[in-house]
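Q: Starting off with a structure, shown below.
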Amino acid sequence: MNTFKSTLLLVLLTVFLILIGARVGGRNGMVLAFILSGAFNFGTYFFSDKIALKMYNAQSVTREQLPRAYAAVERLTAKQGLPMPKIYVLPTESPNAFATGRNPQHASVAVTHGILQLLDDEELEGVLAHELGHVRNRDILTSSIAATLAGAITMVARMGYWASLFGGGGGRDRRGGGGLSGLLMIIVAPIAASLIQLWISRTREFEADATGAATTGNPYALARALQKLEDYSKRIPMQASPSNAHLFIVAPMLGSGGIGKLFSTHPPMKERIQRLIGRDHI
């Protein structure tokens, strides 16, 4: 199913990118958008994990440096039949974690310094099982594709906006208010891309929660961890890019309700806990 989602998301966002290119630059814009989408797809597949890790200054750690996490991951990968991923630590006190990579053979799991200080062994194992759930469910590539192509669509929309201001985009735009058309494009295009990205993201969090809980056999530990992460992330917010905030187990940027819920990269925490233990709080 996640292989299908990856393919569907890739096709939808690529087509949308080409349509934007055609709208702002005619046939030449469509060709350029197609070339860009191919380049982004190639880069996403082979280098998305390195880009995400570098963005957050993740440091690779050895078994000797982080025996607690290594021991937990070794137990969990043995249970799930997965290769051992690379393990990284992010130098921030905000508690969080994410998994990235194009497939189980090229996966990485990153945890923040803050999460290592906050969670006990059972809770940390629950979080790591959740992240390995993303690896097992093969949705880490889906999230990477969404992040990269959503960013590409935003970039092309901005290019179209500035082109319309300076007379680009074809004669019809010059006669009919290209500036307004470009402004609408710069607003609508990223929103449309984000809605597709968030639809995928919210689904995958529930799936990873369920996979992690089934692997450890202890859904309460994961529920406790999620509750702690939700509470402490509000106290120590993490600075993250909107294009890849969905990678983390807890959203780095928390909405304040209302329309903010529409653009939240994660389901409500109470709903995630409810699905794990049958009630929405510990």
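The values are calculated or read from the model by the stated rules, or taken from the named source; none is laboratory data. Computed from a predicted structure; not experimentally measured. Note: ideal-geometry Cβ built from the backbone for every residue, glycine included; neighbour counts use all protein chains shown. The protein model used for the area step is the full one, side chains on, heavy atoms only, and it has no ligands, DNA or RNA in it. Shrake-Rupley method; radii C 1.70, N 1.55, O 1.52, S 1.80 Å.
Q: Take Val15 and tell me if it is assigned to a helix (DSSP H, G or I) and farther than 25 Å from Pro242 by Cβ. Give the derivation first.
A: Values: assigned to a helix (DSSP H, G or I): yes; farther than 25 Å from Pro242 by Cβ: no.
The answer is no for Val15.
Q: Next up: With Ala78, Ala72 as the choices, which residue is more than 15 Å from Asn244 (Cβ to Cβ), modelled with pLDDT of 95 or more, over 22 Å from the mean Cα position of the chain (by Cα) and open to solvent by less than 60 Å² (accessible area, probe 1.4 Å)?
A: Values: Ala78 fails: open to solvent by less than 60 Å² (accessible area, probe 1.4 Å).
Just a single option satisfies the conditions, and that option is Ala72.
Q: Still on this structure, please answer the following. Within the stretch 30-44, which residues are of a type in the set (Gly, Ala, Ser) and in contact (Cβ under 8 Å) with a residue 12 or more places away in the chain? Break it down stepwise before answering.
A: First, the residues of the stretch 30-44 that are of a type in the set (Gly, Ala, Ser): 33, 37-39, 43.
The answer is Ala33, Ser37, Gly43.
Q: Here is a follow-up. I'd like the residue in the stretch 46-64 that is in a loop (DSSP other than H, G, I, E, B) and in contact (Cβ under 8 Å) with a residue 12 or more places away in the chain and, out of all such residues, is most open to solvent (accessible area, probe 1.4 Å). Quick ask: steps written out before the conclusion?
A: In the first step, residues of the stretch 46-64 are kept if they are in a loop (DSSP other than H, G, I, E, B); the result is 56-58, 61-64.
In the following step, the residues that additionally are in contact (Cβ under 8 Å) with a residue 12 or more places away in the chain were identified as 56-58, 61.
Working: Tyr56: 25, Asn57: 96, Ala58: 19, Val61: 21 Å².
The qualifying residue most open to solvent (accessible area, probe 1.4 Å) is Asn57.
Q: Being of a type in the set (Ser, Thr, Tyr) and buried (at least 22 other Cβ atoms within 10 Å of the Cβ) is the filter here, so list the residues in the stretch 95-108 that pass it.
A: Within the stretch 95-108, the subset of a type in the set (Ser, Thr, Tyr) is 100, 108.
The one that is of a type in the set (Ser, Thr, Tyr) and buried (at least 22 other Cβ atoms within 10 Å of the Cβ): Thr100.
Q: Just to be sure before I move on: is Val89 modelled with pLDDT of 70 or more and either buried (at least 24 other Cβ atoms within 10 Å of the Cβ) or touching a Leu at 6+ places or on another chain (Cβ under 6 Å) (or both) in the structure I sent?
A: No: the conditions fail for Val89.
Q: On to the next question. Name the single residue that is nearest to Ser94 (Cα to Cα) among those in the stretch 114-123 being in a helix (DSSP H, G or I) and open to solvent by less than 70 Å² (accessible area, probe 1.4 Å).
A: The selected residue is Gly114.
Q: All but one of (1) part of a strand (DSSP E or B); (2) without any contact (Cβ under 8 Å) to a residue 24 or more places away in the chain hold for Phe98; state the number of the condition that does not hold.
A: (2)
Q: Let me ask something else about it. Out of curiosity, is Lys228 modelled with pLDDT of 95 or more and open to solvent by 10 Å² or more (accessible area, probe 1.4 Å)? Quick ask: steps written out before the conclusion?
A: Numbers: modelled with pLDDT of 95 or more: yes; open to solvent by 10 Å² or more (accessible area, probe 1.4 Å): yes.
Taking the combined requirement at face value, the residue satisfies it.
Q: Only one of (1) at pLDDT 85 or above; (2) under 25 Å from Ser108 (Cβ atoms); (3) open to solvent by 50 Å² or more (accessible area, probe 1.4 Å); (4) not hydroxyl-bearing (Ser, Thr, Tyr) is not met by Val250, so which one is it?
A: Going through (1) at pLDDT 85 or above; (2) under 25 Å from Ser108 (Cβ atoms); (3) open to solvent by 50 Å² or more (accessible area, probe 1.4 Å); (4) not hydroxyl-bearing (Ser, Thr, Tyr) one by one, Val250 breaks only (3).
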